[in-house]
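Q: Sharing a structure below in structure tokens format, with a few things to ask.
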Amino acid sequence: MSATIHAMSIVDPAAQLGEGVVIGPFCTVGPHVVLGDGVELISHVAIAGWTTIGARTKIYPFASIGNPPQDLKYRGEPSTLVIGSDCMIREGVTMNPGTDGGGMTTSVGNNCFFLANSHVGHDSRIGNNVIFSNNVMCAGHVTVGNFVIVSGGAGLQQFIRIGDHAFIGGGAGVLNDVIPFGMVRDNPAHLAGLNLIGLKRRNFSREQIHELRRAYRLLFADEGTLSERVEDVASEFAEHPQIHEILDFIREGGANAICVPRDVNAPDR
């Protein structure tokens, strides 16, 4: 089955369209765009730049995908935007390609869901099975792990890292890195425990969750420095891969500090 293109859309002849692509009315598709098999553009969708969209991804009206990055240093370099398969991109979503100063690529994984008016900034890396709720603002150079949920109206500052399975609360202003399995909230955001509901939904065992909670309390206790507590936890939980995912994340470091609890005695939920 070849692509179906509405007569009221403009698709450059050089664009590469997979089998079963459906392009509704009032869409524009540029010459360097690649649409995988089964991609659907509902209507009024603008796809520009060197943009590749994976199979079966569905894009809703007034989304702007692959137009130039919102960066004053951008000089027209042929940077890319790569979006994975089976994503849902709702109304008014914007995603920008990379820049020369950030690796030239913005990437989005598979099975992601971007609700209305959310934004993915230039040079960001978004993992698989990520949800951005309405009006999420993701600045440039942000790294988001797998199975992350970002609630409505949250803002992710440039260069921060969000670990796998983290949860970002609604309206949070995230200025620092969020550990894997962490939950943050408020503005400015602080670590408020572990994403226990997410862990249960993804079938982590009771024992795994119990050990993660124990390690969390030790990591963010009052005694010693964070680096000292990291090594203490590493020694005590030598055989626990999820805990070592958190420890490795902290050790790797980044441009920002780690988001920590506002009150270390507050219970996680």
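The values are calculated or read from the model by the stated rules, or taken from the named source; none is laboratory data. Keep in mind that what you see is a predicted model, and the values were worked out from it rather than measured. Please note: Cβ atoms are built from the backbone with ideal geometry, for glycine as well, and neighbour counts cover all protein chains shown.
Q: Would you call Arg90 basic (Lys, Arg), within 21 Å of Asn195 (Cβ to Cβ) and surrounded by 18 or more Cβ atoms within 10 Å (Cβ to Cβ)? Give the derivation first.
A: Working: basic (Lys, Arg): yes; within 21 Å of Asn195 (Cβ to Cβ): no; surrounded by 18 or more Cβ atoms within 10 Å (Cβ to Cβ): yes.
No, not satisfied.
Q: Follow-up question, since we're still on this one. Please verify whether segment 251-260 includes one or more residues that are in contact with a His (Cβ under 9 Å, 6 or more places away or on another chain), hydrophobic (A, V, I, L, M, F, W, C) and crowded, with 18+ Cβ neighbours inside 10 Å. Full working, then the answer.
A: Residues of segment 251-260 that are in contact with a His (Cβ under 9 Å, 6 or more places away or on another chain), as a first pass: 255, 259-260.
After this cut, where a residue has to be hydrophobic (A, V, I, L, M, F, W, C) as well, the list is 255, 259-260.
From the residues that got through so far, the ones that are crowded, with 18+ Cβ neighbours inside 10 Å too are 259.
The answer is yes; a qualifying residue exists.
Q: Restricting to segment 219-250, name every residue that is at pLDDT below 95, surrounded by fewer than 16 Cβ atoms within 10 Å (Cβ to Cβ) and under 28 Å from the mean Cα position of the chain (by Cα).
A: Of everything in segment 219-250, those that are at pLDDT below 95, surrounded by fewer than 16 Cβ atoms within 10 Å (Cβ to Cβ) and under 28 Å from the mean Cα position of the chain (by Cα) turn out to be Leu226, Ser227, Pro241.
Q: Could you please find all residues in segment 19-58 being free of Cβ contacts under 8 Å to residues at least 24 places away in the same chain and aromatic (Phe, Trp, Tyr)?
A: Within segment 19-58, Phe26 is the sole residue that qualifies.
Q: Just give me the residues in segment 189-205 being charged (D, E, K, R) and in contact (Cβ under 8 Å) with a residue 40 or more places away in the chain, in sequence order.
A: Arg202, the sole residue that qualifies.
Q: I'm trying to understand the selection: among the residues of segment 187-203, which are among the hydrophobic types (A, V, I, L, M, F, W, C) and either part of a strand (DSSP E or B) or crowded, with 17+ Cβ neighbours inside 10 Å (or both)?
A: First, pick out the residues of segment 187-203 that are among the hydrophobic types (A, V, I, L, M, F, W, C): 189, 191-192, 194, 196-197, 199.
Answer for segment 187-203, where residues must be among the hydrophobic types (A, V, I, L, M, F, W, C) and either part of a strand (DSSP E or B) or crowded, with 17+ Cβ neighbours inside 10 Å (or both): Ala189, Leu191, Ala192, Leu194, Leu196, Leu199.
Q: Quick check on my filter: what residues within segment 100-119 are assigned to a loop (DSSP other than H, G, I, E, B) and either touching a strand residue (DSSP E or B) at 6+ places or on another chain (Cβ under 7 Å) or at pLDDT 95 or above (or both)? Break it down stepwise before answering.
A: Here is the first cut: in segment 100-119, the residues assigned to a loop (DSSP other than H, G, I, E, B) are 103-104, 109-112, 115-118.
Matches in segment 100-119: Met104, Gly109, Asn110, Asn111, Cys112, Leu115, Ala116, Asn117, Ser118.
Q: When you scan segment 167-188, do you find a residue that is free of Cβ contacts under 8 Å to residues at least 40 places away in the same chain, outside the structural domain of Phe132 (by TED's automatic domain parsing), farther than 17 Å from Phe249 by Cβ and of a type in the set (A, V, I, L, M, F, W, C), even just one?
A: yes
Q: Here is a further query. Restricting attention to segment 43-54, does a residue exist that is hydroxyl-bearing (Ser, Thr, Tyr), under 18 Å from Asp123 (Cβ atoms) and assigned to a loop (DSSP other than H, G, I, E, B)?
A: No, segment 43-54 contains no residue that is hydroxyl-bearing (Ser, Thr, Tyr), under 18 Å from Asp123 (Cβ atoms) and assigned to a loop (DSSP other than H, G, I, E, B).
Q: Can you name the residue in segment 120-135 that is in contact with a Phe, Trp or Tyr (Cβ under 8 Å, 6 or more places away or on another chain) and in a loop (DSSP other than H, G, I, E, B) and, of all such residues, is farthest from Asp164 (Cα to Cα)?
A: His122
Q: Give me the residue from segment 206-252 that is in contact (Cβ under 8 Å) with a residue 24 or more places away in the chain and assigned to a loop (DSSP other than H, G, I, E, B) and, out of that set, farthest from Leu196 (Cα to Cα).
A: Among them, the one singled out is Asp222.
Q: While we're looking at this one, here's another question. Working carefully through the options Ser85, Ser79, find the one that is at pLDDT 95 or above, more than 20 Å from Met137 (Cα to Cα) and in contact with a helix residue (DSSP H, G or I) (Cβ under 8 Å, 6 or more places away or on another chain). Spell out the reasoning first.
A: Values: Ser85 fails: in contact with a helix residue (DSSP H, G or I) (Cβ under 8 Å, 6 or more places away or on another chain).
Just a single option satisfies the conditions, and that option is Ser79.
Q: Sticking with this one: Which pairs do you get when a residue that is among the aromatic types (Phe, Trp, Tyr), found in segment 93-121, comes within reach of a residue that is part of a strand (DSSP E or B) and surrounded by fewer than 20 Cβ atoms within 10 Å (Cβ to Cβ), reach meaning Cβ atoms under 9 angstrom, with the pair 6+ apart or on two chains?
A: Phe113/Met88; Phe113/Ile131; Phe114/Met88; Phe114/Ile131
Condition check ((1) hydroxyl-bearing (Ser, Thr, Tyr); (2) buried (at least 19 other Cβ atoms within 10 Å of the Cβ)) across all residues:
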| position | (1), (2) |
| --- | --- |
| His6 | no, no |
| Ile10 | no, no |
| Pro31 | no, no |
| Leu41 | no, yes |
| Tyr60 | yes, yes |
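Q: In segment 65-85, what residues are acidic (Asp, Glu) and buried (at least 17 other Cβ atoms within 10 Å of the Cβ)? Steps first, answer last, please.
A: Just the residues of segment 65-85 that are acidic (Asp, Glu), to begin with: 71, 77.
Result: Asp71, single match.
Q: Of all residues in segment 59-80, count the ones that are within 21 Å of the chain's Cα centre (by Cα) and either free of Cβ contacts under 8 Å to residues at least 24 places away in the same chain or outside any loop (DSSP other than H, G, I, E, B) (or both).
A: Summing the residues that are within 21 Å of the chain's Cα centre (by Cα) and either free of Cβ contacts under 8 Å to residues at least 24 places away in the same chain or outside any loop (DSSP other than H, G, I, E, B) (or both) in segment 59-80 gives 4.
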